[in-house]
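Scroll down for the structure; my scribbles are underneath it.
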Amino acid sequence: MNNDIILEVNNLNSYYEQRGRHGRNRKREQVLHDVSFSIHEGDILGLVGESGSGKTTLAKVLLGIVNDYDGEVIHHTSYPQMVFQDPYSSLNPARTVRWILEEPLRALAKRSKEGWIPRTKSARSEMVRQMLSEVGLDDEYLDRKPGDLSGGQRQRISIAGAVITRPKLIIADEPVSALDVTIQAQILELMQKLKETYSLSYLFISHDLNVVYQICSRVMVMQHGSVVESGDTESVYNHPQHPYTQVLLMDAM
Ligand SMILES: Nc1ncnc2c1ncn2[C@@H]1O[C@H](COP(=O)(O)OP(=O)(O)O)[C@@H](O)[C@H]1O
Ligand SMILES: [Mg+2]
C-alpha cells in the first residue's frame, strides 16, 4: 500500500468569538488545543469524543470554514470533500438528484483542466449515472428530489456527490448518526467499498465508538478540544491509556 501523506496538522489551536448579550462583552474562546495528527493514503482515521468536544470545529478548520486558528494545516493533495450528518439540510431540496450530482462536475469543469473531468452534458450525465449505480441506486432516482428519498438514500447521494469529484480525502462528520442501525451498516459498507474503488481516505467523525470500531484503522480521542489519545483502533480499544477513553469505552461497549 502506498503510504503518501495526505493531510498534516501541527499544533492547531482554534477559537470562536463568543458574543455576550447585545453584542457586548465579546470573548475569544479557545476550542481546539494543540491538535496534531496526519492522515496517510488509505487511512480511515476515526475522531471520537462526546458532544461539544470540538470534532465538528476541527472538520471546519480543515475545510476552511473556520478561519480563526493558528498552527499548521497542510493539504498535500486536493481539497477534501465533506459528508454531513444530516443529508437533508446538506442537499438542495429544490433540485433533482441528477442536478445535485452534476453540479460539482460543472463547478469543477470551470476551475480545473484535469483530463478526467467531463466537459459535455452527455459525458456528465454518463458519469452521474455511473456514480449513482456505484452508490446502489438505479437510474429511476435521477429525477427524484431529496424529499422523495429515505435518510439512507439521501446519504448515498451526498456520498456520491463527494466522491464524484475524485477527492483523495473525505471528511465525514457523523455520517451515520441520524440513521437506523441496519441502514448504518449499509452506509458503512458502501463507504468501505468506495474507499477501495477510488483509493479514498477518510476522517471519520463520530460520537459512537461502536461505529468507529467497525470502520476505522486508527482512532483519535478528543476531550475538551484536545486529543488525549490516538493509535491503532485495536490497541486503543483493547488497551485504552487515558481515563477519558476508558470511560467512553465503558459507556459504549
Ligand atoms: N459557531 C460557533 N460559535 C461559538 N461557539 C461554537 C460555535 N460552534 C461550536 N461552538 C462551541 O465549540 C465547542 C465545540 O463544538 P463542536 O465542534 O460542534 O463539538 P462536537 O462536534 O464535538 O460536538 C462547543 O463548546 C460549542 O459550543
Ligand atoms: Mg459535531
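The values are calculated or read from the model by the stated rules, or taken from the named source; none is laboratory data. Because the structure is predicted, anything quoted here is derived from the model rather than measured. All Cβ positions, even for glycine, are placed from backbone atoms using ideal geometry, and neighbour counts span all protein chains on display. Accessible surface is based on the protein model in full, side chains and every heavy atom, while ligands, DNA and RNA are left aside. Shrake-Rupley method; radii C 1.70, N 1.55, O 1.52, S 1.80 Å.
Couple of notes before you dig in:
- Test item: Cα-centred dipole of the chain, Lys/Arg +1 and Asp/Glu -1 on Cβ, debye: 1280 debye
- Compared with the dominant Cα axis of the chain, that is its longest principal axis, helix 243-252 is turned about 50°.
- Within a straight-line Cα-Cα reach of under 17 Å, Lys195 can be paired with the following lysines, leaving aside sequence neighbours fewer than 8 residues apart in one chain: Lys168.
- Set of aspartates and glutamates near Lys110 by C-alpha distance (under 16 Å), chain-local residues within fewer than 8 positions excluded: Glu102
- Degrees, to the nearest 10: 181-198 long Cα axis against longest axis of the chain: 70 degrees
- Only lysines eight or more places from Lys27 in sequence, or on another chain, were considered; those with a Cα closer than 30 Å are Lys55, Lys60.
- The phi torsions of region 25-31, fed into the Karplus equation with coefficients 6.51, -1.76 and 1.60 and a -60° offset, translate into couplings of 6, 5, 10, 9, 9, 7, 9 Hz, rounded to whole numbers, with Gly and Pro shown as x.
- His33 paired with Arg106, simple spin-label distance in nm, labels 7 Å along Cα-to-beta-carbon: 4.7 nm
- The heavy atoms of Trp99 present about 80 square angstrom of accessible area, all protein chains included, probe 1.4 Å.
- For region 122-241, with +1 on Lys and Arg beta carbons and -1 on Asp and Glu, the positive-most of Val236, Pro146, Gln186 along the dipole: Pro146
- Angle in degrees between helix 151-163 and the longest Cα principal axis of the chain, rounded to the nearest 10: 90 degrees
- 10 Å-binned pair-distance histogram of the chain (Cα, whole percent): 7, 29, 34, 22, 8, 1
- Charge dipole (the chain, unit charges on Cβ, about Cα centre) - positive-most of Ser112, Val61, His75: Ser112
- Counting only DSSP beta bridges whose two residues both lie in the chain, roughly 60 percent are antiparallel.
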